[in-house]
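Worksheet: the structure to be examined is printed underneath.
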Amino acid sequence: MIQIAPQMRILVAVEVIDLRRGIDGLLEHYHFLGYTQPVGEHLKYQVYGAGRVVACLAWSSAPRHLGPRDRFIGWRAKARRRNIRFIAYNTRFLIPPWIQVPHPASHILGRMPLVLSRDWEQIYGHSIYFLETFIDPSRSRGTCYRAANWIPLGLTTGRGKDSQSKKPNRSIKEVWGYPVWKRFRELLSDIG
């Protein structure tokens, strides 16, 4: 049985890493992007199986402007400014290298939406209606997200939020989304 719980337990690792940093240390040591402290609302999870950490996930506030997501939702600028807080962004997902269980990623991703929305509401006072993540197509095909019913939304422009030109200044990523609520478009487009 896999348990998904916010970071509140002491981490026992197989390899020597900075255990004082817990999930942050695992992500820094094993995730290809390393770890950076999120700004704004965020939650980090350690997933346990048979008493061992089998995965780490980090979620944070969504980027303000993201073309493929914004077109998929169909919201206007005023609604986006008001309701962006109802979207969570999966910044990191790690299955440690010592885990040899087949297909844990899609199973975990399939269970996360309801757990995350419930916890986000408990901690930040509001639900999450939609989830999103980026996938680097040069490293991954997004198979685990597809298997967990996430939807490919399109490609980024390859420009960061501070770009002053129309030219890409970073790698182009695929944007994937997951509607947590069936009425997500109606809820996110509300400017009430």
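The values are calculated or read from the model by the stated rules, or taken from the named source; none is laboratory data. These figures come from a predicted structure and were not determined experimentally. A quick note on method: Cβ atoms are made from the backbone with ideal geometry, for glycine too, and the neighbour counts reach across all protein chains shown.
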note = Flagged pairs (Cβ under 9 angstrom, 6 or more apart or on separate chains; first in segment 94-114, surrounded by fewer than 12 Cβ atoms within 10 Å (Cβ to Cβ); second among the aromatic types (Phe, Trp, Tyr)) are Pro97/Tyr30
query = Within segment 62-82, is even one residue surrounded by 18 or more Cβ atoms within 10 Å (Cβ to Cβ), touching a Phe, Trp or Tyr at 6+ places or on another chain (Cβ under 9 Å) and modelled with pLDDT under 90?
reply = no
task = Scan segment 163-173 and give yes if some residue there is at pLDDT 80 or above and not in a loop (DSSP other than H, G, I, E, B), otherwise no.
result = no
request  = Determine the pairs where a residue that is on the phi > 0 side of the Ramachandran plot, located within segment 128-144, has a partner that is of a type in the set (Val, Ile, Thr) with Cβ atoms under 8 Å apart, the partner being 6 or more residues away or on another chain.
outcome  = Gly142/Ile135
